[in-house]
Amino acid sequence: MTREELASKLDHLDPGATLTVEAILAALFGDGRLSKEALAMIEAFALDHRCTFSVEHGRGTPTFEKDDMLAIAEYFSHKPWPDLGQPRSPKDIAERALTAEHSVGCTGCHLDRFQGDGTVPRLAGQGRDYLAQTMIDFRTRARGNNPGMSDLMIAAPEDDLAALAQYLAGL
């Protein structure tokens with residue numbers, strides 16, 4: 001995502017608005033969850049590049065000025081996707097997952113290698129537990145930022161979703 005694309009998503013904010021990392025991810029993807037490692041990388045970037053940020057007392061979540069968050073987003077958008085070292089799924093799980101994918105049509109939005117694009121999140125290589133929980137949250141409508149996703153997750157059998165999460169994590 002380019003700085004301009006991110007800026008257009010956040011254009012409703014005041015130029016001097018202060019944002020938390022969680023808020024920016026929620027604005028972009030609906031539900032931001034960052035690992036401690038990712039937060040540490042963002043804090044290190046902010047310190048190295050003299051970004052204006054603070055850490056909310058007791059939460060450990062950094063907050064940034066809008067322009068600094070845009071710079072951080074642009075910087076990280078050019079980094080390669082990290083290898084989480086997750087194993088590839090066994091053949092039977094992969095086959096079940098691909099059958100589920102064909103019925104749900106994930107690649108229609110998340111693209112042919114599940115890499116996502118712009119506002120459509122990447123699925124390939126995400127954490128298995130994160131993927132499984134996200135699918136459950138869409139299925140139960142606990143996550144309501146994309147009703148179409150909820151409809152797709154409700155239509156798919158739970159066992160197929162579990163296989164899909166395992167398959168996608170191993171890509």
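The values are calculated or read from the model by the stated rules, or taken from the named source; none is laboratory data. These figures come from a predicted structure and were not determined experimentally. For neighbour counting, all protein chains shown are included, and Cβ atoms are generated from backbone atoms with ideal geometry for every residue, glycine included.
Here are a few things to note about the model shown:
- The residues in the stretch 133-149 that are among the acidic types (D, E) and part of a loop (DSSP other than H, G, I, E, B) can be counted, and the count is 0.
- Failed item, numbered, when D159 is tested on (1) more than 18 Å from R96 (Cα to Cα); (2) at pLDDT 90 or above: (1)
- Within the stretch 78-132, the set of residues being free of Cβ contacts under 8 Å to residues at least 40 places away in the same chain, assigned to a helix (DSSP H, G or I), out of contact with any Gly (no Cβ under 6 Å at 6 or more places or on another chain) and closer than 17 Å to N146 by Cα comprises T107, G108, C109, L131, A132.
- A155 touching a residue at least 24 places away in the same chain (Cβ under 8 Å), assigned by TED's automatic domain parsing to the domain that holds V104 and under 27 Å from P87 (Cα atoms): no
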